[in-house]
């Protein structure tokens with residue numbers, strides 16, 4: 001296996017301690033194993049049932065808190081059938097646990113003892129938990145304005161909490177300085193192993209869809225919140241592996257949802273651009289997608305075009321209303337999750353078939369407002 005920079009195409013031998021290229025660009029894993037339905041560990045009721053598809057060093061022990069196998073629940077939205085993938089029920093309260101479990105397993109196998117990360121909250125909470133599980137010291141750089149609940153969760157796991165004043169980009173700048181000084185950067189944005197954990201959402205959807213006896217075509221569309229794009233890219237990678245293994249015949253349309261106050265990818269989509277459009281980091285209750293300069297933005301736009309989806313911008317009022325409505329249906333999620341459900345209303349008259357929405361983070365992280 002090798003690592004290939006997506007920016008300058010430099011090739012490196014596979015090394016789990018390398019999060020990015022020397023040029024600063026993100027990397028992908030070349031020659032990684034892929035999904036094989038015959039190799040699923042049927043007795044394992046976590047994401048580790050798919051370990052055969054992870055690019056891990058030989059003999060790696062599993063760093064696990066039991067993430068994965070989250071429920072896929074049937075519901076209805078505006079009179080249409082809907083399936084909700086409840087990722088907020090993962091151990092630390094978000095989908096981030098999938099990527100973190102695989103990444104920290106690889107870092108622990110490599111003998112890493114200290115890591116740094118930057119996060120608006122969920123990724124930092126996840127890293128803090130899994131690092132504690134593995135006996136690795138973690139320092140997490142967060143925007144000072146990040147949810148106090150998420151900051152408290154990070155600190156509770158024993159990680160170092162570094163509060164950085166200013167917009168989200170300042171926390172990213174601070175952690176890059178720490179990484180340049182020699183710290184191992186366990187980045188949920190740059191590190192390609194994260195996508196290999198997240199792709200298990202696609203594998204689970206495939207298995208759950210079949211067990212439920214739904215049509216063989218699979219979901220017509222999948223809606224998800226979109227910030228840096230790790231969730232979307234990991235999901236698309238998993239779906240591509242399913243297609244290559246002849247498990248699914250077509251790719252569902254993927255719809256990414258951004259907050260109108262900070263929507264560089266939605267703006268690019270509207271303009272037909274292949275690159276994110278520079279925007280101001282506006283205020284939004286959906287702090288998980290408050291990303292003005294997504295690192296993998298070009299790859300996200302290309303992936304959405306390939307699968308015939310779209311990227312939508314959602315107003316704050318619609319996000320608040322969707323969060324309240326979900327709670328009244330029994331699903332208590334943070335505003336970032338509600339952005340994706342609110343985007344359904346934008347596409348309601350153009351959708352055919354059943355849609356899946358990925359509910360990414362727990363409402364206990366960021367209590368419902370309004």
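The values are calculated or read from the model by the stated rules, or taken from the named source; none is laboratory data. Bear in mind that the values here come from a model prediction, so they are computed numbers and not experimental data. We place every Cβ from the backbone using ideal geometry, glycine too, and count neighbours over all the protein chains shown.
Only residues that are assigned to a helix (DSSP H, G or I) and in contact with a helix residue (DSSP H, G or I) (Cβ under 6 Å, 6 or more places away or on another chain): list them for the range 85-108, please.
As a first pass, look at the range 85-108 and keep what is assigned to a helix (DSSP H, G or I): 87-89, 96-108.
If the condition is that a residue be assigned to a helix (DSSP H, G or I) and in contact with a helix residue (DSSP H, G or I) (Cβ under 6 Å, 6 or more places away or on another chain), then 96, 97, 98, 99, 100, 101, 102, 103, 104, 106, 108 are the ones that fit.
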ask   = Within the range 28-40, can one find any residue that is touching a residue at least 40 places away in the same chain (Cβ under 8 Å) and at positive phi?
value = no
request  = Can you give me the number of residues within the range 43-61 that are in contact (Cβ under 8 Å) with a residue 40 or more places away in the chain, in a loop (DSSP other than H, G, I, E, B) and under 20 Å from the mean Cα position of the chain (by Cα)?
outcome  = 3
query = Is there any pair with a first residue in the range 70-84 that is at pLDDT below 90 and a second that is surrounded by 18 or more Cβ atoms within 10 Å (Cβ to Cβ) whose Cβ atoms are under 6 Å apart and which are 6 or more apart or on different chains, and what are they?
reply = 81/354
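Looking at 89, 127, 107 in this structure, which one is over 26 Å from residue 335 (Cα atoms), touching a strand residue (DSSP E or B) at 6+ places or on another chain (Cβ under 9 Å) and modelled with pLDDT of 95 or more?
107
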Sole residue being in contact (Cβ under 8 Å) with a residue 12 or more places away in the chain, in contact with a helix residue (DSSP H, G or I) (Cβ under 8 Å, 6 or more places away or on another chain), assigned to a helix (DSSP H, G or I) and more than 24 Å from residue 13 (Cβ to Cβ), chosen from 231, 224 = 231
ask   = Restricting the range 327-341 to residues that are touching a helix residue (DSSP H, G or I) at 6+ places or on another chain (Cβ under 6 Å) and assigned to a helix (DSSP H, G or I), which is surrounded by the most Cβ atoms within 10 Å (Cβ to Cβ)?
value = 339
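Select, from 32, 78, the only residue that is surrounded by 19 or more Cβ atoms within 10 Å (Cβ to Cβ) and either more than 21 Å from the chain's Cα centre (by Cα) or not assigned by TED's automatic domain parsing to the domain that holds residue 351 (or both). Show your work before the answer.
Values: 78 fails: surrounded by 19 or more Cβ atoms within 10 Å (Cβ to Cβ).
Answer to the check: 32.
Name the residues in the range 144-163 that are over 22 Å from residue 103 (Cβ atoms) and either free of Cβ contacts under 8 Å to residues at least 60 places away in the same chain or outside any helix (DSSP H, G or I) (or both), would you?
Once the filter is applied, which keeps residues that are over 22 Å from residue 103 (Cβ atoms) and either free of Cβ contacts under 8 Å to residues at least 60 places away in the same chain or outside any helix (DSSP H, G or I) (or both), the range 144-163 yields 144, 145, 147, 148, 152, 163.
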request  = Name the residue, out of 25, 66, that is on the phi > 0 side of the Ramachandran plot, surrounded by fewer than 19 Cβ atoms within 10 Å (Cβ to Cβ), under 21 Å from the mean Cα position of the chain (by Cα) and not assigned by TED's automatic domain parsing to the domain that holds residue 335.
outcome  = 66
Residues located in the range 168-195, provided they are surrounded by 19 or more Cβ atoms within 10 Å (Cβ to Cβ) and either in a loop (DSSP other than H, G, I, E, B) or on the phi > 0 side of the Ramachandran plot (or both) = 186, 187, 188, 189, 190, 191, 192
